[in-house]
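Shown next, in structure tokens, is the structure this report addresses.
Since every read-out is calculated from the coordinates, none of them should be taken as a lab result. In this text the structure is predicted, and so the values were computed from the model without any measurement. Here the Cβ positions follow ideal geometry from the backbone for every residue, glycine too, while neighbour counts run over all protein chains shown.
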Amino acid sequence: MIKNAKNLRFSYRSRQWMKLVQYSLARFQAKIDSTFGIFSKGFRNKVIVNSIPKAGTNLAVNLIQHSLSYPWFSSYHLDHKYEHFWKQVKSQSAGQIVSLHSYYSDDLVNYLEANDETRMVFIIRDLRDIVISNYHYIAKSDPSHRMHDYLNRFGTEKEKIIALITEIESGLLGNLGRSPSIGEHAARYYEWLLCENVHTVKFEELIDSATQVKAVQGMLEYCGIPYTDASLSALCNQVIGKKSRTLRSGSFGQWQKYFDEDITEVFKETAGEWLIKYGYEENMDW
């Protein structure tokens, strides 16, 4: 049974409250650090990790945190829907890492250009794997998610996956806002790939043993974080493959286990062109 609108709104507010608690902890840590330099140890750049949800934001944040030996509470997540979003952006302290899921924005681009010490890392991932990751996270792992009960009203796994590919109207989600299709998400994030002062990293490159060292090295260099060959190797061994609440399997290509002809057809109609633009396919013949 789907939660009523009142319960959905309560769950949504609870999630927002937890984000504010995380923000407050990180701000407290930043104030202490600005006085004593306990954590940042001279690192002064501000790092923003941005991505489509389920593209690997937490993995990138964990890599950067561990490279600096930061405590877990040193970073926080910005919600672009939050009314005080810009206040939180501008309150980011030197040496601090934040994450967000923000569509391309001229205002945010202008902010990056006006603040040389602020670096944005943009994580991308195969859109098909994002759908599957969302399916496992929303339908199975997070009962407080506003889409959890809606998805679980469908009887089959296939129906749930198709629902996540397509648009979901706000009225079906307790009037807490519509859920765009995966194609719309991809379209509204796409221009970050074209920004010269934004560093793009593929999730797949971070977790593939053949490419992860080079990918992590490029990310650290862009952020201005010092490293040695030994520390880089240790960082990859320590963080990559380590399971978290949102990093379910630490692998890629999982979509092939779930996509049948019907799901594939819906996906191609909804987001096929964006899969090509993001560099994951050359054409629609897959």
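Please list 3J(HN,Hα) in residue order for region 46-53, calculated via the Karplus relation 6.51 cos²θ - 1.76 cosθ + 1.60 where θ = phi - 60°; whole Hz, with x for glycine and proline.
9, 10, 10, 9, 10, 5, 5, x
Among the chymotrypsin sites (Phe, Trp or Tyr not before Pro) within region 200-233, which fall in a DSSP loop and have no more than 16 other Cβ atoms within 10 Å of their own Cβ? Please report the intermediate quantities before stating the final value.
Numbers: sites: PHE203, TYR222, TYR227; in loops: TYR227.
Within region 200-233, the qualifying chymotrypsin sites (Phe, Trp or Tyr not before Pro) (loop, at most 16 other Cβ atoms within 10 Å) are TYR227.
Taking θ as phi - 60°, what are the ³J(HN,Hα) couplings along region 272-279 by the Karplus curve (6.51, -1.76, 1.60), each to the nearest whole Hz, with x for Gly and Pro?
x, 5, 6, 4, 6, 5, 7, x
What are the ³J(HN,Hα) values, in whole Hz, obtained from phi via the Karplus relation 6.51 cos²θ - 1.76 cosθ + 1.60 with θ = phi - 60°, for each residue of region 150-163 in sequence order, with x given for Gly and Pro?
Whole-Hz 3J(HN,Hα) from phi for region 150-163: 4, 5, 7, 7, 7, x, 10, 4, 4, 5, 5, 5, 4, 4.
Which three lengths, in whole Å and largest first, does region 125-255 cover when its Cα atoms are put on their principal axes?
The Cα atoms of region 125-255 stretch 52, 31, 24 Å along the principal axes, largest first.
With each label point set 7 Å from Cα along the Cα-Cβ vector, what nm distance links LYS277 and ASN110?
In this crude spin-label approximation the distance works out to 2.3 nm.
Can you give the Rg to Rh ratio of region 156-207, both from alpha-carbon atoms, with Rh computed by the Kirkwood formula?
Taking Rh as the inverse mean 1/r over Cα pairs, Rg/Rh reads 1.12.
In nm, give the distance between the simple-model label positions of LYS268 and GLU167, each being 7 Å from the Cα along the Cα-to-Cβ direction.
With each label placed 7 Å out from Cα toward Cβ, I get 2.3 nm.
Work out how much length ASN152 to LYS257 would gain on full extension: take 0.36 nm times their residue separation and subtract the Cα-Cα distance, in nm to one decimal. Could you put the intermediate results ahead of the total?
Numbers: separation 105, 0.36 × 105 = 37.80 nm, distance 2.00 nm.
Result for the pair: 35.8 nm of gain on full extension.
Just rank THR228, THR200, fewest to most, by other beta-carbon atoms within 10 angstrom.
THR228, THR200
So if I restrict to the alpha-carbon atoms in region 45-201, what is the Rg, and what is Dmax, the biggest pairwise distance, in Å?
16.6, 51
Going by average Cβ neighbours within 10 Å, how do the peptides 44-54, 169-179 rank, with the highest at the top?
Numbers: 44-54: 21.5, 169-179: 15.0.
Order by mean packing, descending: 44-54, 169-179.
Express in % the proportion of alpha carbon pairs of region 186-286 at distances exceeding 22 Å.
On the way: 2361 of 5050 pairs.
When every Cα pair of region 186-286 is considered, 47 percent fall beyond 22 Å.
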